[in-house]
Amino acid sequence: MQILIIEDEPIISETVSICFNLQWPEADVLVAESGEEGLTLATNQAPDVIILDVGLPGIDGYETLRYLRGVTRAPVIMLTARDGEISRVKGLEWGADDYIRKPFSHIELLASVESVTRKWSDRLSGPWVFTGMRRRGSKSTPGPLLAMARPSA
């Protein structure tokens, strides 16, 4: 498993790296200190999961998330000090798979990584194409707002 941490506070990225290395010793943990560096690593390294802070220098975490969704299908977990409902909803609507507030529980973070990678494993194990989005509030079309499907042969 390859994990990309995009976090500008070294103490946080080191703590999260240690946490992952203790849980998954075989994991390859990459660290970026800015959104720009994170986008480069995400594009070149194809991580399995991305941990993303919102308060980054340069482009912030929300913009980084928007760009990430254009280059990778890897699940993204927002790990941030911003705890307001609007911030959480914005992160989730822009494509985050989970949103964890700082200070955080290492157990919660590990559980979130396991959860999002389990949910995404089927989607990442073959060719998938974006098939569209349903309108918010549409009762006639149950299911997720974002639709993915395997291309027909």
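A short reminder: the numbers here are calculations on the coordinates, not readings from a lab. For clarity, every value in this text was computed on a predicted model and none was experimentally measured. Using ideal geometry, Cβ is built from the backbone for each residue, glycine included, and neighbour counts are taken over all protein chains shown.
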For this session: Please specify each residue of segment 10-37 satisfying the condition of being surrounded by 14 or more Cβ atoms within 10 Å (Cβ to Cβ) and assigned to a loop (DSSP other than H, G, I, E, B).
Result: TRP24, ALA27, GLU33, SER34
Seminar exercise, completed: Checked segment 54-80 for anything under 10 Å from the mean Cα position of the chain (by Cα) and either closer than 20 Å to GLU108 by Cα or among the acidic types (Asp, Glu) (or both); matches are ALA74, PRO75, VAL76, ILE77, MET78, LEU79
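This table checks each residue for (1) touching a strand residue (DSSP E or B) at 6+ places or on another chain (Cβ under 8 Å); (2) under 14 Å from VAL113 (Cβ atoms); (3) not aromatic (Phe, Trp, Tyr).
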| site | (1), (2), (3) |
| --- | --- |
| CYS19 | no, yes, yes |
| GLN23 | no, yes, yes |
| ALA27 | yes, yes, yes |
| GLU36 | no, no, yes |
| THR40 | yes, no, yes |
| VAL49 | yes, yes, yes |
| GLY55 | yes, no, yes |
| GLY58 | no, no, yes |
| TYR62 | no, no, no |
For this session: May I ask you to list pairs of residues, at least six apart or on different chains, whose Cβ atoms are under 7 Å apart, with the first in segment 48-66 being closer than 11 Å to TRP94 by Cβ and the second being assigned to a helix (DSSP H, G or I) and hydrophobic (A, V, I, L, M, F, W, C)?
Result: LEU52/LEU65; THR64/LEU39
Problem set entry | Residues of segment 81-103 classified as within 21 Å of ASP48 (Cβ to Cβ) and in contact with a helix residue (DSSP H, G or I) (Cβ under 9 Å, 6 or more places away or on another chain), total | 8
